[in-house]
């Protein structure tokens, strides 16, 4: 793909030659988020691309197999977090707004300093549920960059970025179909988010390497260059930010454990003569009477009195994991009863298990 001309206003660098100078560093280590989206081109066509969020850049590839092409492995089973040079790079320091527009299943809209808009939408209904988290992650990066972009990345080109998709609009339809066929079988195209713990570990490792490099230069009597100093300062700021965020997370977790109120859809196995199949119910976990005795009320539809189907008393109860997405609640109330429950996702089941465990302890 031809490099963009430096003389015109631009929002996206579309080749290695026109890529920002600090992009290479951002391609090393774990990404913040990765997944397939449809990207709206200048001519209004929706084109399937693999996106990754890496520091101040939202990058994308026209084929998911390119992500780790040419990156060596020291061992066949080694997991490589690095990514190859992307087909295009969006500099989030030139983006002023990112929001989720509730239309056509949800569209992520980013607006540049010049008013240009970038539109992304999920490729499947299942992936659409991750769009709010993408918007949150992008906005978090933009907020962090607002405080550091001037001090830390002065060496980055100040060119504003604007998407120009004329070349992509000329793509042959067979190339687009070829991409979709490959994406269906490449695991790297699945939606994924890197945990804060793994990112933090990478930042600590980066900082250690930078310090070692600086120490080696002192021994050799070589003057520290400005870029290394800026990288060391950036790593220290990132580490401090992650520590602060981790501390906030501990406070939030303790608060949630103290009041484990929770609401959501759960599939509960029936107990009636009509059958024992799993039925979708709205579970509401709270201490509704304020007496310290927590309960789960379950409804067939909205949480209204007319829809109430039953109450699970958690005082003296126990909860057990049966699988990654299934758990069992055993009660003592009314002679004792067992409720088999499951959720659509393991994460949801884990959250319910944690909340119910806390509620049982508070009801003791």
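For region 320-364, the gyration tensor built on C-alpha atoms gives an oblate shape. Its axis ratio a/c (a ≥ b ≥ c) is at least 1.5, and a/b is not larger than b/c.
Measuring nothing but alpha carbons in region 262-363 and taking Rh as the Kirkwood radius, the Rg to Rh ratio lands at 0.93.
For the pair region 84-149 and region 31-52, the centres of their Cα atoms are 10 angstrom apart. Each label was represented as a point 7 Å from its Cα along the Cα-to-Cβ direction; for residue 197 and residue 24 these points are 3.4 nm apart.
Our estimate of slack between residue 227 and residue 318, defined as 0.36 nm per intervening residue step minus the Cα-Cα distance, is 27.0 nm. Taking 7 Å steps out from each Cα toward its Cβ at residue 361 and residue 97 produces label points 4.5 nm apart. On the basis of the beta-carbon distance and an R0 of 45 Å, residue 278 and residue 220 show a calculated FRET efficiency of 0.10.
How would 211, 49, 73 line up from fewest to most surrounding beta-carbon atoms within 10 angstrom?
So the ranking, lowest neighbour count to highest, is 73, 211, 49.
Translational diffusion of region 39-91 was estimated from the Stokes-Einstein equation, with Rh taken as the Kirkwood radius over Cα pairs; at 20 °C and 1.002 mPa s the coefficient is 171 µm²/s.
Compute the FRET efficiency between residue 263 and residue 239 as 1/(1 + (r/R0)^6), taking r as their Cβ-Cβ distance and R0 = 30 Å, and round to the nearest 0.05. The formula returns an efficiency of 0.25 here.
Put a dot 7 Å past the Cα of residue 66, heading toward its Cβ, do the same for residue 347, and the two dots end up 2.8 nm apart.
The numbers here are math on the coordinates, done by the rules we state, and not lab data. What you are looking at is a predicted structure, and each value in this text was computed from that prediction instead of being measured. Virtual Cβ from ideal backbone geometry, glycine too; neighbours counted across all protein chains shown.
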